[in-house]
Every structure is written in C-alpha cells, then in structure tokens.
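Written below as structure tokens is the structure these notes are about.
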Amino acid sequence: MSDNGEVTSSNRPGSHGSPEASGPAGLRPRLPSPLQEVADGRFARHGVRLLLKRDDLIHPELVGNKWRKLAPNLTAAAGRTVLTFGGAYSNHLRATAAAGRLLGLPTLGVVRGQELADRPLNPSLARCAADGMRLHFVDRSTYRRKTEPGTLAGILRATGAEDAFVVPEGGSNSLAVRGCRDLGQELAGHADVVAVACGTGGTLAGLAAGLPPGGRALGIPVLRGGFLGEDVQALQRRAFGGPRGDWSLDERFHCGGYARTTPGLDRFAEDFEQRHALPMERLYVAKMLYGLVALAEEGAFPRGSTVAAVITGAPLG
Ligand SMILES: *Cc1c(COP(=O)(O)O)cnc(C)c1O
C-alpha cells in the first residue's frame, strides 16, 4: 500500500479478450431475467401469488440491478477509467470492479473511511482489488461532500484520474435509472405489485417508470431515515423530467441500516433460503422479503393479486 492510501492489485485488467470490443452486451447477460412462481403458505393463505424476478441470474458477476444500472454507464465510459464511490461493503463497488476486469476497463473505487487504508481489506474490498480496481480511501467528511465540485475535483486530482468517467455512489445516475425501466417492462402483465429493496432508490425510480399503467412498485428501504422518497422524486426528475409511475415506500423493515441484521431476520432468511432454494443476499434482498412476508401476513395485498419480488442480488460468493 502506498502512503496516499491507495491499494493496487498486480493483476490489472488486460486489453485483450473478446467482450471488450462489443461492450457489456458481449458478456451475454441473461435478459429478460427469469420469472419464477414459488409456493409460500404465507401468501397463498391470503389468496396472493408470489413471483420471484430473478435478476440475481442476469450475470454471475455483474449481478442484478447492478447490471441494469452499470451496463449503460460502461458503454458511455467508452474505455475511460470508471471512477465511483462506496462503503466497505458496497455491492456497487464489487460489480464495478468485476465489470472492469471482464471488459478491460480501468476502475477506481473511492472508499468511505480513511481508517480502512491501514487495515487488511475486508472480503468485499479484497475482491475489488483482485479484480484490478484501484482503491482510494477518503475520510468520512470528504466522502460526504464528494458531489461538491471542489471536493470531487480534489479527489480526481489526488488520484490522477482527471479524465475519468465518474459514476455516483450506488451507480444511480440518469443513465442507470433509465436502464432500470427494462425491469418494469419485463414485468408488464405479470404482477400487480412489484417489490424491490432500496439503497439509493435508483432501481425503484426506473422500475416504476417502466411498469405499465395500473402496475405498482413498492420500495423497501434498507437504510433508516425518511428522505428516500425525495431522492426517488429527484432521480425521476433528472432521468425523465418529471414523476413517473405509481410507487410508494414502506420504511419499517430496514433493521437499523445497511449492514445491520437481527436474529429474527437471520432466522427468516435461512428458512426462506431452504424452502425456496434461493441463495439470499443479506444486505438488501433478505430485508425486502422479510418486509414482504410481513405485509402479506397483515393482509396488505388483495386476494387474487400477484406480487413480484425483485431478487436484486446474490450472496458474496
Ligand atoms: C445496490 C443494491 C440495491 C439497491 O439499489 P438502489 O438502486 O441503490 O436502490 C438493492 N439490492 C441489492 C442486492 C443491491 O446490491
């Protein structure tokens, strides 16, 4: 590790191999992603059908909504270094790093927490480094101000990446939000309500825009705090010029934050995993399904309705 807090890996992406010429489409994503009906008594006894929208199967490494959000950005980057931001457990950083390796694009991850620079990398960041992502650690106050032009310029200067293609935290820029419309379009005619876990809300913003009239999107935030609705509105304004689709949020199921869990959630996740042979991502997907099952048990969905749960990710393998 160098003294400016950066880690580089020895196996940087090469500039040979076939997918690079054709961009993300050359990676042969499984799209539309499979839609699978599962039998679960907690829905069935209320007359509700449960479908799983298996975005976790789109690509083994560019998983789920990260594919839908990153693919248009990787194309727009046109070979420039892709610079993006995330916390130490960020699925978005991992997906960006994997994309860099697969497509031969240089990637640079700006990581929240200067103190992490002096510690061994956790498995998630170690994977990023192994995929050739250059990691640059910044203190929390710089990280908070990273979208301010002066702060961003400082980060670009410090990393020598002035000409980088900058993707925001969580990948949720307008290209990403528009990319997530496909998710709604793929579900047209299949479900009355589509539930999705939310971090930045970018996936929900795009999903809602892609659903046909009458379709409803239900976002389940994994982070505490009541501002996500405003964020989703702002994301839709930027991507589409105004509000799109019918969406709402249910903020009761976050378990206190992103990487937090509770014994109840863990038991639920293991049980659901076994019943339905679904390897379960714990930061987002488990909380969404936990909330969805609770809502079904409350009788929140009318009899005869079909609910689709978007499986936005897979466990760190
Ligand atoms: C990143 C991520 C989300 C959150 O997506 P947003 O568009 O930021 O709301 C949901 N689920 C999984 C598995 C993720 O990795």
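Throughout, read-outs are computed from the coordinates displayed, never taken from laboratory work. Fair warning: this is a prediction, and the values are worked out from it, not measured in the lab. With ideal geometry, Cβ positions are generated from the backbone for all residues, glycine too; neighbour counts draw on all protein chains shown.
Write down the Å³ per residue value for the convex hull defined by the alpha carbon atoms of region 45-85.
It is 110 Å³ per residue.
Please work out how much length the chain gains when fully extended from ASP139 to GLU297, using 0.36 nm per residue of separation minus the C-alpha to C-alpha distance, in nm with one decimal.
52.5 nm
Could you list TYR258, TYR284, TYR143 in order of exposure, starting from the residue whose Cβ has the fewest other Cβ atoms within 10 Å?
Ordered by Cβ neighbours within 10 Å, fewest first: TYR258, TYR143, TYR284.
List the lysines whose alpha-carbon lies under 20 Å from that of LYS287, not counting same-chain residues fewer than 8 positions away?
The reachable lysines, counting only those whose Cα sits under 20 Å from LYS287, are LYS53, LYS66.
Label point 7 Å out from GLN185 along Cα-to-Cβ: which residues of region 27-65 have amide N under 15 Å?
Zone members listed by number: 31-33.
In whole angstrom, how long is each semi-axis of the equivalent ellipsoid of the chain, when you take the square root of 5 times every eigenvalue of its Cα gyration tensor and sort them from largest down?
After diagonalising the Cα gyration tensor, the semi-axes are 33, 20, 19 Å.
Taking just the alpha-carbon atoms of region 81-163, what radius of gyration and Dmax come out, in angstrom?
In Å, with Rg to one decimal and Dmax whole: 12.0, 33.
Can you give the extra length, in nm with one decimal, that the chain gains between ASN122 and ARG237 once fully stretched, where that is 0.36 nm per residue apart less the Cα-Cα distance?
37.8 nm
For the chain, what is the calculated [θ] at 222 nm in deg cm²/dmol (nearest 500), taking -39500 (n - 2.57) for each run of four or more DSSP H residues and dividing by its residue count?
-10500 deg cm²/dmol
Pick from GLY199, GLY179, GLY26: which residue has the top mean-square fluctuation in a GNM of the chain where Cα pairs under 10 Å get a spring?
So, out of GLY199, GLY179, GLY26, the one fluctuating most is GLY26.
Among VAL222, VAL194, what is the fewest-to-most ranking by other Cβ atoms within 10 Å?
Fewest to most other Cβ atoms nearby, the residues stand as VAL222, VAL194.
Put a dot 7 Å past each Cα toward the Cβ at GLU273 and LEU223; how far apart are the dots in nm?
2.6 nm
With a bin width of 5 angstrom, please list the P(r) values of region 130-202 as percents of all Cα-Cα pairs, from the 0 bin to the one holding the largest distance.
Per 5 Å bin, starting at zero, the Cα-Cα P(r) for region 130-202 comes out as 3, 12, 17, 18, 15, 12, 8, 8, 5, 2 percent.
Taking the beta-carbon count within 10 Å as an exposure proxy, list VAL177, VAL110, VAL48 from fewest neighbours to most.
Fewest to most other Cβ atoms nearby, the residues stand as VAL48, VAL110, VAL177.
Using 0.36 nm times the number of residues separating TYR89 and SER305, minus their current alpha carbon distance, what extension gain do you get?
74.2 nm
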